[in-house]
1. Got a sec? Which of Val91, Val95, Val74 is open to solvent by less than 10 Å² (accessible area, probe 1.4 Å) and among the hydrophobic types (A, V, I, L, M, F, W, C)?
2. Which condition breaks for Leu202 when tested against (1) open to solvent by less than 60 Å² (accessible area, probe 1.4 Å); (2) at pLDDT below 75?
3. Go through the residues of the stretch 221-231 one by one and say whether even a single one is over 17 Å from the mean Cα position of the chain (by Cα) and modelled with pLDDT under 95.
4. Could you figure out which of (1) under 26 Å from Met97 (Cβ atoms); (2) in contact with a helix residue (DSSP H, G or I) (Cβ under 6 Å, 6 or more places away or on another chain); (3) surrounded by fewer than 20 Cβ atoms within 10 Å (Cβ to Cβ) isn't true of Leu174?
Amino acid sequence: MLSLILLCCFAGSLASSDSAQWDRALKFPEEVSTSNYVKLYPDFSRATTSVTVCTWMKKYLDPRVQHIWFSYAVSGRDNELMLSDYYHNAVGNSVYMLWTDLVLLKNEWYHFCLGWSESSDRMDFYVNGVLVQTEATSISSIGAGGTLVIGQDQDSLGGGFDKNQAFGGELYQLNVFSRKLRVEEIAAMYFDGRCSSLPSTLAHDVVVSWEDILGATRSGAVQEVSAECSERNFLGKVTQLVLEEVNSCRGH
């Protein structure tokens, strides 16, 4: 009994130390405003000829109205890389993928990935680990040295926001990768679950991490909230450690 108590205390210590790093989502209020956004100036130099954007997303707003949650722009090209929660995505300021058959329910978590590469000449869109649409492309690269805005659509570099396109909802584990991820890698991220950590095999490919986004300057009423993973991971750690203790006892 004492061993189990000590294990629970140890697991609780692990959970509390880890939770500060990974149990944080970003909440964009349901009452939308052009003041609510996160802005970064990422180094996209490794992602000019191939890129993948993945996130967990929960939307608060009308499922059949478009709201932009990812907008990367460079000088003179405001839709260099753009993702929305309905209607269309864009890459290279010239290729637009229209999607209206898929409607996402409000207040439900979904896993999104959009991948593109110059070598494949196509843009692939995944929801919950499933390839839902592909669009042919004819661009050779996307620009580096741009501005990334989370939660708004840039109609000019760093601004030109439209309240009607502002995102309302939550984002979690948003990462940008320097290559077009394979379908099995994207499926694995989804099936591992929202509260799992990013696979170590993908760490080298990250050009914008969730930690980068959490550490960026936030504007308006955007706030950090619990991703509701602490309890789930705490119980998982307790279970794992208890099982290890039981197996150890059986071995003696």
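The values are calculated or read from the model by the stated rules, or taken from the named source; none is laboratory data. Quick caveat: nothing in here was measured; it's all calculated off a predicted structure. All Cβ positions, glycine included, derive from the backbone under ideal geometry; neighbour counts span all protein chains shown. Keep in mind that these areas ignore ligands, DNA and RNA; they rest on the heavy atoms of the full protein, side chains included. Shrake-Rupley method; radii C 1.70, N 1.55, O 1.52, S 1.80 Å.
1. Details: Val95 fails: open to solvent by less than 10 Å² (accessible area, probe 1.4 Å); Val74 fails: open to solvent by less than 10 Å² (accessible area, probe 1.4 Å).
Going through Val91, Val95, Val74 in turn, just one is open to solvent by less than 10 Å² (accessible area, probe 1.4 Å) and among the hydrophobic types (A, V, I, L, M, F, W, C): Val91.
2. So the condition that Leu202 fails would be (2).
3. Initial filter on the stretch 221-231 (over 17 Å from the mean Cα position of the chain (by Cα)): 221, 230-231.
Add one more test, that the residue is modelled with pLDDT under 95, and what stays is 230-231.
Yes; the residues of the stretch 221-231 include at least one that is over 17 Å from the mean Cα position of the chain (by Cα) and modelled with pLDDT under 95.
4. (3)
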